[in-house]
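Peer 1: Attaching a single structure in structure tokens format; questions to follow.
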Amino acid sequence: MKLLFFGTSEFAVPALHELVKTGYEIVAVITQPDKPAGRKQKPLPSPVKVWALEHGLKVLQPPHLTSPTKGGGTSPFTSLPWWEGLREGVDIAVVASYGQIIPKEILDLPKYGTLNIHPSLLPKYRGPSPIHAAILKGDAETGVTIIKLDEELDHGEIVSSIKYQVLRNLYYQDLHDKLANLGAELLVKILPDYITGKLKPKPQD
């Protein structure tokens, strides 16, 4: 299986690790460009980029997933020269904490579509801060949902989910790390059944 991975933050690293360990061929890792940090504003790579380069994976860092056209609109980055080597033969894409909306033209390119690891029990807490939301609401239960992405935000069909009981006085980083690992484990567990069609995605409520 040839896999394209979109991810940027620490949350995405366990998923990339599990995919490599399980034997999926990572065609490329797409992550956000290095960002200035600290007093000297020195560009720093994302956690995903650091891990990927340490393990010999190809890393791409497009500033945008679309490119301006002469007519004033945009075209997907699949039309850009550096994408040529990835255009053919990608079986599936996985997204985890990437940080950009991915155009539908890209989501639909892989043979089996694009899956996303979202750290809440969707449709609860769609959007960019689901872990913060669960803590602020004092939820006793949260979890991870794997969805098949479409063009709307956190809207796609649910492939699988797993619940997690939130302990009292749990700090954000602890819950973040737990959900990141749960999501990674769930992903590699369900991928074979999803690919063979045994596991059917279901629409969100």
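The values are calculated or read from the model by the stated rules, or taken from the named source; none is laboratory data. Not measured: the values here are computed from a predicted model. Methodologically, a virtual Cβ is constructed for each residue, glycine included, from the backbone with ideal geometry; neighbour enumeration extends over all protein chains shown. Calculation scope for accessible area: heavy atoms of the full protein, side chains included, ligands and nucleic acids excluded. Shrake-Rupley method; radii C 1.70, N 1.55, O 1.52, S 1.80 Å.
Peer 1: Just name the residue that is surrounded by the most Cβ atoms within 10 Å (Cβ to Cβ) out of those in the stretch 117-148 that are among the hydrophobic types (A, V, I, L, M, F, W, C) and within 25 Å of Glu105 (Cα to Cα). Show your work before the answer.
Peer 2: Of the residues in the stretch 117-148, the ones among the hydrophobic types (A, V, I, L, M, F, W, C) are 117, 121-122, 131, 133-136, 140, 144, 146-147.
With within 25 Å of Glu105 (Cα to Cα) added as a condition, the list becomes 117, 122, 146-147.
On the way: Ile117: 24, Leu122: 22, Ile146: 27, Ile147: 24.
By that ranking, first place goes to Ile146.
Peer 1: OK, next. Take the stretch 154-205 and flag every residue that is over 18 Å from Ile135 (Cα atoms), among the aliphatic types (A, V, I, L, M) and in contact with a Ser or Thr (Cβ under 9 Å, 6 or more places away or on another chain).
Peer 2: Of everything in the stretch 154-205, those that are over 18 Å from Ile135 (Cα atoms), among the aliphatic types (A, V, I, L, M) and in contact with a Ser or Thr (Cβ under 9 Å, 6 or more places away or on another chain) turn out to be Ile158, Val159, Leu186, Leu187, Val188, Ile190, Leu191, Leu199.
Peer 1: Okay, next question. Only residues that are charged (D, E, K, R) and assigned to a strand (DSSP E or B): list them for the stretch 128-154, please. Show your work before the answer.
Peer 2: So the first thing to find is which residues in the stretch 128-154 are charged (D, E, K, R), and the list is 137, 139, 141, 148, 150-152, 154.
Matches in the stretch 128-154: Glu141, Lys148.
Peer 1: While we're on this one: Out of Leu191, Leu199, which single residue is assigned to a helix (DSSP H, G or I), open to solvent by less than 60 Å² (accessible area, probe 1.4 Å) and closer than 20 Å to Tyr24 by Cβ?
Peer 2: Working: Leu199 fails: assigned to a helix (DSSP H, G or I).
Exactly one residue qualifies, and that residue is Leu191.
Peer 1: Give all pairs with beta carbons closer than 9 Å in which a residue from the stretch 29-45 that is without any contact (Cβ under 8 Å) to a residue 60 or more places away in the chain meets a residue that is open to solvent by less than 80 Å² (accessible area, probe 1.4 Å) and of a type in the set (Ser, Thr, Tyr); count only pairs at least 6 apart in sequence or on separate chains.
Peer 2: Pro33/Ser46; Asp34/Ser46; Lys35/Ser46; Pro45/Thr31
Peer 1: Going through Tyr164, Tyr125 one at a time, which residue ends up being at positive phi and either at pLDDT 90 or above or part of a loop (DSSP other than H, G, I, E, B) (or both)?
Peer 2: Numbers: Tyr164 fails: at positive phi.
Checking each option against the conditions leaves just Tyr125.
For (1) surrounded by 12 or more Cβ atoms within 10 Å (Cβ to Cβ); (2) in a strand (DSSP E or B), each residue gets a yes or a no:
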position	(1), (2)
Phe11	yes, no
Leu16	yes, no
Leu19	yes, no
Ile26	yes, yes
Pro33	yes, no
Pro36	no, yes
Arg39	no, no
Pro43	no, yes
Ala52	yes, no
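Peer 1: Further, regarding this structure: Out of all the residues in the stretch 149-188, which are open to solvent by less than 100 Å² (accessible area, probe 1.4 Å), among the polar types (S, T, N, Q) and without any contact (Cβ under 8 Å) to a residue 60 or more places away in the chain?
Peer 2: Ser160, Ser161, Gln173
Peer 1: Could you list all residues from the stretch 82-103 that are modelled with pLDDT of 90 or more and open to solvent by less than 20 Å² (accessible area, probe 1.4 Å)? I'd like the intermediate steps shown before the answer.
Peer 2: Kept after step one, since they are modelled with pLDDT of 90 or more, are these residues of the stretch 82-103: 91-98.
Residues satisfying the conditions are Ile92, Ala93, Val94, Val95, Ala96, Tyr98.
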